[in-house]
1. Using a 1.4 angstrom probe and counting only protein chains, how large is the accessible area of residue 226 in Å², to 10?
2. For segment 80-97, in order, what is each residue's ³J(HN,Hα) by Karplus, 6.51 cos²θ - 1.76 cosθ + 1.60 with θ = phi - 60°, in whole Hz (x at glycine and Pro)?
3. Quick check: Cα centre of segment 194-240 to Cα centre of segment 148-178, how many Å?
4. Accessible area, 1.4 Å probe, largest first: how do 196, 237, 4 sort?
5. Note the full-extension length gain between residue 158 and residue 95 as 0.36 nm times their separation in residues minus their Cα-Cα distance, in nm to one decimal.
6. Would you pull out the residues with amide H under 5 Å of residue 55's amide H, same chain only if 5 or more places away, H placed 1.01 Å from N?
7. Which order do 109, 149, 207, 1 take when ranked by solvent-accessible area (1.4 Å probe, heavy atoms of all protein chains), largest first?
8. In whole Hz and in residue order, list the ³J(HN,Hα) couplings for segment 200-211 that follow from phi through the Karplus curve 6.51 cos²θ - 1.76 cosθ + 1.60, θ = phi - 60°; x for Gly and Pro.
Amino acid sequence: MPAWLITGSSRGIGFELTKQLATVPNGIHTIFATCRNPATATSLSELAKNYKNIHVVALDVDDDATVQAAAETVTGLLGGKGIDYLVNNAAWSQADGLDTANPDTMTAMYNTHVAGSFRVYRAFLPLVRLSERKAIINVSSELGSLGSMDDPRFVELFPGAVFPTYSCAKAGLNMLTRKIAKGHPDFIVFAFAPGWLKTDMGGPNAMDDVEPAVERHIKLYESATIEKFSGKFINQWGQEVAW
Ligand SMILES: NC(=O)c1ccc[n+]([C@@H]2O[C@H](COP(=O)([O-])OP(=O)(O)OC[C@H]3O[C@@H](n4cnc5c(N)ncnc54)[C@H](OP(=O)(O)O)[C@@H]3O)[C@@H](O)[C@H]2O)c1
């Protein structure tokens, strides 16, 4: 019975991941589907009514008190068991420009992507340690890749210095990933580029639908090993992305 803790499960990739895991026959997965505001996460609440293996838990990665409270709740629900997959997925983006973005957006972006993922990692670390699998997936983006910035395929999609605040935050998340991998060589920990997907964030012109992409994501997460992925930046096809 693998246990998953997913942040940002109200919409998009986090919701689809929760849905696909919950609906696997025989309910083998236990999913702690966390979201900022369960009262307004109506699709998630509806899903959880039909699948008892989903536990909806309030958690705002920007707010340490909610992260701590969620860790206590999940610890109680797990009754001595651990978290097998911790998926740091919650995020927001801003289509801002280098010379026009508000510097405060940089701070807020860092707070969610880097400090937020760090809060979640720290609060749930005891539960990750208790598991056999010990997998931490930090959902990043190729926009956070320094090494891809001059790759013609990337330049075609994202010309110029677009999305500076989001890109810098994802680069920070990538470094946090490497630090966790160095600190815990017995964990499976990697930064993950999910692909450009049709969610609220990815928009309608994105390359791929979320459903088939998340099917790929789950296969990749379940096949991950320390040797293959730990301390690396991996895309949805299992290939390495340049840092
Ligand atoms: N879609 C893409 O094309 C794409 C590409 C590359 C990387 N990614 C990454 O994939 C992940 C998921 O993106 P998505 O496309 O699913 O985005 P999305 O559809 O915009 O959903 C974002 C989710 O994050 C939650 N969230 C935002 N701030 C939060 C906070 N402070 N605490 C807790 N939850 C918070 C949102 O909750 P609310 O409903 O409460 O707002 C929502 O559930 C993100 O890390 C994103 O950067 C996406």
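The values are calculated or read from the model by the stated rules, or taken from the named source; none is laboratory data. On a predicted model such as this, the values are computed, not experimentally measured, just so you know. When we count neighbours, we look across all protein chains shown, and the Cβ atoms used for this are built from the backbone with ideal geometry, even at glycine. Only protein heavy atoms, including side chains, enter the accessible area calculation; ligands, DNA and RNA are left aside. Shrake-Rupley method; radii C 1.70, N 1.55, O 1.52, S 1.80 Å.
1. 60 Å²
2. x, 8, x, 9, 7, 10, 9, 10, 7, 10, 4, 5, 9, 9, 8, 7, 9, x
3. 16 Å
4. On the way: 196 90, 237 150, 4 0 Å².
Descending order: 237, 196, 4.
5. Values: separation 63, 0.36 × 63 = 22.68 nm, distance 1.10 nm.
Gain on stretching residue 158 to residue 95: 21.6 nm.
6. 31, 32, 33
7. Details: 109 0, 149 100, 207 135, 1 155 Å².
Per-residue accessible area, sorted high to low, gives 1, 207, 149, 109.
8. My calculation for segment 200-211 gives 4, 6, x, x, x, 8, 4, 6, 9, 6, 6, 5 Hz in order.
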